[in-house]
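Only one structure is covered here, and it is reproduced in the block below.
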Amino acid sequence: MLSLVILLVIIIATLLAPVYASKIAKTDPFASNLSGTVVINGQTVPVIQPNPSGLGSTPIGPTWQAQYFLGADTQGRDVAARLLYGGRASLIVGVASALVACLIATIVGLLAGFSGGVVDATISRLLDIVWAFPIYLLAIALSTVLLVQGLSIGPIEVDPGSLWLPVIIIGFVFVPYVARPVRGEVLSVRRRDYVEAAIAQGARRRRLLFKEILPNVLPSVIVIFPLMIAACILTESALSFLSIGVQPPQASWGTIINDGQAQLYTRPMVSISAGLMIAVTILVLNILGDGVRDALDPRAKLRLRRRKRAQA
Amino acid sequence: MIAFALRRIASMIVVLFALSVIVFLIFFATPGIDPARQMAGRNATPETLAAIRSNFGLDRPLPVQYLTMMDRIVVKRDIESYSNRGVQVIPQIIAAAPVTFSLVFGAAVIWIFASISIGLLAASLRGTIWDPLLMGVSLIGVALPVFWLGEVANLVTQQRFHDTFLFSWVPPLGYVPLTEDPIGWFTHLVIPWLVLSVLFVGFYARVLRSDIVNSENEDYVRTARSKGISERRVLIRHQLRTSMITFVSLFGLDFAALVAGGALLVEVVFGLPGVGRLTYLSLAGLDLPVIMTTVLYGAFFIVVASAIVDILYAFLDPRTRTA
């Protein structure tokens, strides 16, 4: 329950990002603001302060007040505002790519499990092969290819700077992780009595697929979904950290950690805050995922109760 | 046994072929992509583009292009980086491999011992507050992004607390070969080992605990108890032993994936010149030949490693031979 509340708070906070940026921080989180100033304790302080040695400059650290709450980055941008906007991008990419993965995987898994024979064998082998690829290697290979020229399949054109690119890449990479269990579930549902009964009644293939099998396979997809979002957010942040995920001027938690790497020892809050946001989000999603599983799979609870009785 | 090994090797060769085709398709035949422009990097001259086209046979049909690519990467091993002209990619990979292996090996030792201890402890303390506590900590470990954890570790050990007695022994970031200076090798790698292992300790401890708890109702556990064997012996000799099956097969896959390039985030954060960092450095310039080669070799390594693990498995446990 607590985890659901935390997740909602994070989502609402990121939704309010534009309000924060325009009303409170009063800076544009995507434009550099090298000569900006902020008022601290009645004194006007430049956002980017020259170093005492005269070489280079350091952005201000956390002020713990409305403006520049978490300090500024090397471009003089408000870290807190960027964190909220970055959270938006991270959550959008995470949820959208998890949706892409689950959608493709459900179709592929249904197709493989329901058709059987050559179709099943081909799809299963293909899934095995993509699955054998380490996630990061496959994602890196796809990103490097697509980042130079973007993606264009027929009428669909995806610009290299678009958020859709990481969504497509991450979604594709995770397809086998969902499609394999879906296929297994379809195979087991197919043999259940109610499906046999429907076949005996002369139900058509389409009816079998959409009325009998799909509704009974969906719960297992729903159980995987929150865990998938967590995995996708983590992957997005890693790719963005490697500068091949979300592209500037867009920010995500991963790109903020990457930006913060250069000033890690002088202004660690930049990286630390973004990392904490990722960690909390992933933790909450994992707990929620466990909760959804317990709610949707009564057998898991039954097993637990039987176990408790066995102990008593 | 030999029949099984041969069958497994045959399927391995099929998978290797399929993998290489997929890598080829990603780099050469993604819709809307001109592979010559990809490989030439940004701002290439028309002459370079033409040279690459004839070099890789890009004006020929796709199957010929595939054969040309495989010939250059696998048979002739003559593939050059485009951002550092004249630098051969394959010797670089071979030079970087021991670094990656040192990193992954040390982390694996830590994660095996730590996750078995935590999993066992949590399972045996079931019903007390310690079980959910240990599992909660493991869940947090799984949620931490590894590159961020590495940065925080650097912040603590390299700067904030570097001058205290706790971390004054931590050397600057980098790598020292084991053969040159074993102690330096160890001190350079301890922090990266710990950081890399955190995720796996958390994940494996949770898997192990739930497997042990699930084996509670199994017949062999009841039999062992009814024979009057002590609880500790039941837990370690019977429950832990069977629960290790999932653990071991997961371990094989994860270890191979890390060696093949999965450890790149940790290598990047700690400045370890391994295979992953090689890939990372070529990402900045989108140095396709290097990326293509590391991806292909990484994928090959995983497939070969999993075939070897399967054959070893069949050797140890005859039941798996028929599967």
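Among the residues of the range B:139-188, those that are among the β-branched types (Val, Ile, Thr) and farther than 30 Å from B:Gly119 by Cβ comprise B:Thr164, B:Val176, B:Thr179, B:Ile183. Every listed requirement among (1) within 14 Å of chain A (Cβ to nearest Cβ); (2) under 25 Å from the mean Cα position of the chain (by Cα); (3) more than 27 Å from B:Arg232 (Cβ to Cβ); (4) of a type outside the set (D, E, K, R) is met by B:Ser102 save one, (1). Of note, B:Leu155 does not satisfy the criterion of being closer than 24 Å to A:Leu242 by Cα, within 10 Å of chain A (Cβ to nearest Cβ) and at pLDDT 90 or above.
Please determine, by comparing only the residues of the range B:267-276 that are farther than 17 Å from A:Ala139 by Cβ and not aromatic (Phe, Trp, Tyr), which one is nearest to the other protein chains (Cβ to nearest Cβ). Looking at residues that are farther than 17 Å from A:Ala139 by Cβ and not aromatic (Phe, Trp, Tyr), I get B:Val269.
Put simply, of A:Pro248, A:Pro298, A:Pro268 the only residue that is facing chain B (nearest Cβ under 8 Å), over 21 Å from A:Ile11 (Cβ atoms) and modelled with pLDDT under 85 is A:Pro268.
Residues that are surrounded by 16 or more Cβ atoms within 10 Å (Cβ to Cβ) and among the basic types (Lys, Arg) occur in the range B:206-225; there is at least one. Listed residues B:Ala123, B:Ala153; which is over 22 Å from the mean Cα position of the chain (by Cα) and part of a helix (DSSP H, G or I)? Being over 22 Å from the mean Cα position of the chain (by Cα) and part of a helix (DSSP H, G or I) holds for just one of B:Ala123, B:Ala153, which is B:Ala123. On inspection, B:Trp169 passes the criterion of being more than 14 Å from every other protein chain (Cβ to nearest Cβ), touching a helix residue (DSSP H, G or I) at 6+ places or on another chain (Cβ under 8 Å) and not in a helix (DSSP H, G or I). Could you please let me know if B:Val269 is within 22 Å of B:Trp148 (Cβ to Cβ), among the aliphatic types (A, V, I, L, M) and touching an Asp or Glu at 6+ places or on another chain (Cβ under 9 Å)? Here the answer is yes, as B:Val269 does meet what is asked.
Tell me, please, whether a residue that is modelled with pLDDT of 85 or more, in contact with a Cys (Cβ under 9 Å, 6 or more places away or on another chain) and farther than 21 Å from B:Thr294 by Cα can be found in the range A:103-118. The answer is no; no qualifying residue exists.
Do you know which residues across the range B:75-108 are free of Cβ contacts under 8 Å to residues at least 60 places away in the same chain and β-branched (Val, Ile, Thr)? If the condition is that a residue be free of Cβ contacts under 8 Å to residues at least 60 places away in the same chain and β-branched (Val, Ile, Thr), then B:Val75, B:Val87, B:Ile94 are the ones that fit.
The set of residues in the range B:68-113 being among the charged types (D, E, K, R) and modelled with pLDDT of 75 or more consists of B:Asp71, B:Arg72. One residue is enough: does the range B:189-201 have a residue meeting the conditions touching a residue at least 24 places away in the same chain (Cβ under 8 Å), surrounded by 15 or more Cβ atoms within 10 Å (Cβ to Cβ) and within 12 Å of another protein chain (Cβ to nearest Cβ)? Checking the range B:189-201: at least one residue is touching a residue at least 24 places away in the same chain (Cβ under 8 Å), surrounded by 15 or more Cβ atoms within 10 Å (Cβ to Cβ) and within 12 Å of another protein chain (Cβ to nearest Cβ). I'd like the full set of residues that are touching a Gly at 6+ places or on another chain (Cβ under 6 Å) and closer than 20 Å to B:Val266 by Cβ, limited to the range B:295-318. Correct list: B:Gly298 only.
The values are calculated or read from the model by the stated rules, or taken from the named source; none is laboratory data. Keep in mind that what you see is a predicted model, and the values were worked out from it rather than measured. For neighbour counting, all protein chains shown are included, and Cβ atoms are generated from backbone atoms with ideal geometry for every residue, glycine included.
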